[in-house]
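Rule-based calculations on the coordinates, nothing more; no lab input. Keep in mind that this is a model prediction, so the values were computed, not measured. Neighbour counts are summed over all protein chains in view; Cβ atoms, including those assigned to glycine, are modelled from backbone coordinates with ideal geometry.
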Amino acid sequence: MRTYSPAVAIGQSALLFGAFHLNPPQSLATAGMGLLLGWLYYRTRSLGLCVGLHALNNLLAFYSMQPSTSKLLRDDFITLPSGTFAATYVAAVLVLAGALWLLERTRRPQPGVAFS
């Protein structure tokens, strides 16, 4: 953001974020996540929050790819303890609530450095 406006810097980093995942069908959604995380960093200056949300996103994606409880499918994949899925969603709600609280608590960007 020293060289470009925040919008350009966040947009470029989001495109790189999408490209570095090396999965063309997933790159659009990944770039969208990069936009969200870039904007969140711009607003909060908290890299830890962005890393935590990225890790949480990956964890939820991992759990959503797990097969149903069908015996036929379960033998071919990793099985998870029964309460793990619910605990993951509870953790997600808590992390997102914390992120929103932190976002609300932080000051808005300086007027001369507005996001455009």
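Going by C-beta contacts inside 10 Å, put Tyr41, Tyr89, Tyr63 in order with the fewest on the left.
Ascending number of Cβ neighbours within 10 Å: Tyr89, Tyr63, Tyr41.
With the simple spin-label model, which puts each label point 7 Å out from Cα in the Cβ direction, the Met1 to Val90 separation comes to 3.6 nm.
Can you figure out the FRET efficiency of Asn23 with Thr106, using R₀ = 30 Å and their beta-carbon distance, to the nearest 0.05?
Efficiency at R0 = 30 Å is approximately 0.40.
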